Amino acid sequence: MNDRLNNLELLEAFREVLSQYPERVVFSTSFGQEDQVITDLIFRNNLPIEVFTLDTGRVFQETYELMDKTRAKYKKPIKVCFPDATDIEKLTTEKGFNSFYESIDNRKECCFLRKIKPLKNALAGNKVWITGLRSEQSENRSQMQMWEFDEANDIFKFNPLLHWTQNQMETYLEENKVPQNVLHKKGFISIGCQPCTRAIEPGEHPRAGRWWWETSHKECGLHGIKS
């Protein structure tokens, strides 16, 4: 599968995946630049792929605004998946609203309840999960392949932009007039939950702004990478 996909143009690669797994392909977006490229391709070409997002309850207002702009531009639905209310009630009652600052274990717990558990529910019953991962984003992602099997979620993972550069991505967004998060122009390169994301300084690693108070791999665990 990787041999075939690596030799296809972006849209052709999507159609190859859909030909093998019709109506069983989903795409999770967090409205980053990579995800907006994929969303544009799916919606402009009317591909039969469900687009969904995980609303952790802690995202930036600018992300909500981008979600609305994206819906308005393409006039397509984006499914919103929330964490279990009982989980969040228990977490905040027992540990408060900002326990993730206190330890890596607490941060992992918050990520699990707000992101990983809802993701598993959203992926259940599907065969292919499309992501916006790129190999140059981090050392952890440089070893990935375009087509992988995610054992944790029992699903194939399709990473169509894996070999794209930042310049390729920005060129695509500009040429196709794709809506982007205004925070990108304020130094926010990788945007997650508001309490866990800061702008980066020139020369800093693109993911340095995520969980900046930690010495970790800067991953939440969505993609099977230890954080």
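We did not get these values from a lab; they are worked out from the coordinates using the rules stated. Values in this document were obtained by computation on a predicted structure and should not be read as measured data. Cβ sites come from the backbone with ideal geometry, for glycine too, and all protein chains shown count toward neighbours.
A compact table of results
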read-out: The chain: most fluctuating residue of 209, 32, 187 per GNM, C-alpha cutoff 10 Å; value: 187
read-out: Helix-only CD estimate at 222 nm, as mean residue ellipticity for the chain, using -39500 (n - 2.57) per DSSP H run (n ≥ 4); value: -10000 deg cm²/dmol
read-out: Ratio of the Cα radius of gyration of region 74-172 to 2.2 N^0.38 Å, where N counts its residues; value: 1.32
read-out: Kirkwood Rh (inverse of mean 1/r, distinct Cα pairs), region 2-185, angstrom; value: 17.6 Å
read-out: Across 95/185; 73/115; 95/127; 76/185, pairs whose alpha-carbon gap is larger than 31 Å; value: 95/185; 95/127
read-out: Dipole moment magnitude, nearest 20 debye, the chain about Cα centre, only Lys, Arg, Asp, Glu C-beta charged; value: 440 debye
read-out: Rounded to 5, the percent of DSSP beta bridges in the chain classed as antiparallel; value: 35 percent
